[in-house]
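Here's the structure, in structure tokens; my notes come after.
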Amino acid sequence: MRKYVIMGVQGSGKGTQSELLAADLDIVHISVGDIFRWNVQNHTKIGAQVRRVMAAGELVGDDLVESVVQSRLTGHDWNFGFIIDGFPRNRRQAEFFLESYDIDAIITLDLPDSEVRRRVLNRRLCADCGINYNLIDDSPAVPGQCDACRGELTTREDDTEEALAVRLKTYHEKTNPVLELFGRKEYVVTADARPAPEVVQAEIRRKLSLPPQKQQESQENASA
Ligand code: AMP
């Protein structure tokens, strides 16, 4: 059973790194932002409560976030463990989490703010299948159209200059202190988020003392 938290500023690749680790270790990736986005898209009560707050780049209230996280984690489809992304975002959430769960490691992704802006403002999302693109080095073959399902590519409502400024400020003010709290109590590993995703993943795995990713291992054997 492995329980990880992944933290990092917007655009640092938390989702991508979580997916890579989750697929390989057979653990569940829980993204609190995705849960909220799903609720907004599906016009649920929760969606109505969070839509404006999210679009402005602000944090959703702690009571609601904690109940969403708790109900997701008590859903229990994580026999081999989980990696949670986007939570905790402040001191209160961190204390709530530490009381209930025994975390194996906190993975933090480091990215300078200048790179965050470049990445986030070039991010696009398929409105139909949810695949992420970035217009810097992962553009779709046909502009504005998803390669996989031909769905329309959209911009996340909170990937604007204004909302990003709020999100970055909040991250530095509220989320950074969480790392200090974890740093004292738990095992924190930090990876440089600037290189290509597979390089970042390899660094995370090395620091967690995990074997190289299966696919990477077979590539290494093939080239040996
Ligand atoms: P993310 O995709 O992680 O950037 O989350 C998108 C948005 O969802 C955030 O800007 C917040 O409005 C909301 N959100 C996600 N996780 C949390 C959290 N732990 N606490 C408060 N709000 C959150």
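Structure data summary
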| read-out | value |
| --- | --- |
| Size of the stretch 164-216 as Cα extents on the principal axes (Å, biggest first) | 38, 29, 13 |
| Along each principal axis, Cα extent of the chain, largest first, Å | 53, 48, 34 |
| Two-site label geometry, Tyr101 and Gln145: point separation in nm, points 7 Å out along Cα→Cβ | 4.0 |
| Mean separation of Cα contacts under 8 Å (6+ apart) over length of the chain, as relative contact order % | 28 |
| Most to least accessible of Leu98, Leu109 (protein chains only, probe 1.4 Å) | Leu98, Leu109 |
| Area accessible to solvent at Val9, 1.4 Å probe radius, in Å² | 10 |
| Accessible area, probe 1.4 Å, largest first, for residues Cys146, Cys129 | Cys129, Cys146 |
| Heavy atoms of Ser12 accessible to a 1.4 Å probe, total area in Å² rounded to 10 | 10 |
| Nitroxide proxy distance, nm - points 7 Å out along Cα→Cβ at Glu162 and Ser71 | 3.1 |
| Cleavage-rule hits (chymotrypsin sites (Phe, Trp or Tyr not before Pro)) in the stretch 49-125: DSSP loop, at most 15 neighbouring Cβ within 10 angstrom | Phe80, Tyr101 |
| Sequence-distant residues sharing a close amide H with Thr190 (under 5 Å, placed H) | Thr108 |
| Dipole magnitude of the stretch 16-66 about its Cα centre (Cβ charges: Lys, Arg +1; Asp, Glu -1), debye to nearest 20 | 400 |
| Value at 222 nm in deg cm²/dmol, rounded to 500, when DSSP H runs of n ≥ 4 in the chain each add -39,500 (n - 2.57) | -14000 deg cm²/dmol |
| Whichever lysines have a C-alpha closer than 17 Å to that of Lys3, once near sequence neighbours (fewer than 8 apart) are set aside | Lys14, Lys185, Lys207 |
| For the stretch 53-127, diffusion coefficient by Stokes-Einstein and Kirkwood Rh (Cα), 25 °C, 0.890 mPa s, µm²/s | 164 |
| 5 angstrom amide H check on Trp78, placed H, neighbours 5+ away | none |
| FRET efficiency, Ser114 to Leu210 (Cβ-Cβ, R0 25 Å, nearest 0.05) | 0.20 |
| Solvent exposure ordering (accessible area, 1.4 Å, most first) of Met54, Met7 | Met54, Met7 |
| Ala48-Leu179 pseudo-label distance in nm [points 7 Å out on the Cα-to-Cβ vector] | 3.9 |
| Per-residue SASA entry for Ile131, accessible area with 1.4 Å probe, Å² rounded to 10 | 70 |
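The values are calculated or read from the model by the stated rules, or taken from the named source; none is laboratory data. Everything numeric here is computed off the predicted structure, so don't read it as measured data. No Cβ is skipped: glycine too gets one built from the backbone with ideal geometry, and neighbour counts run over all protein chains shown. Heads up: the accessible areas ignore ligands, DNA and RNA and are worked out on the full protein's heavy atoms, side chains in. Shrake-Rupley method; radii C 1.70, N 1.55, O 1.52, S 1.80 Å.
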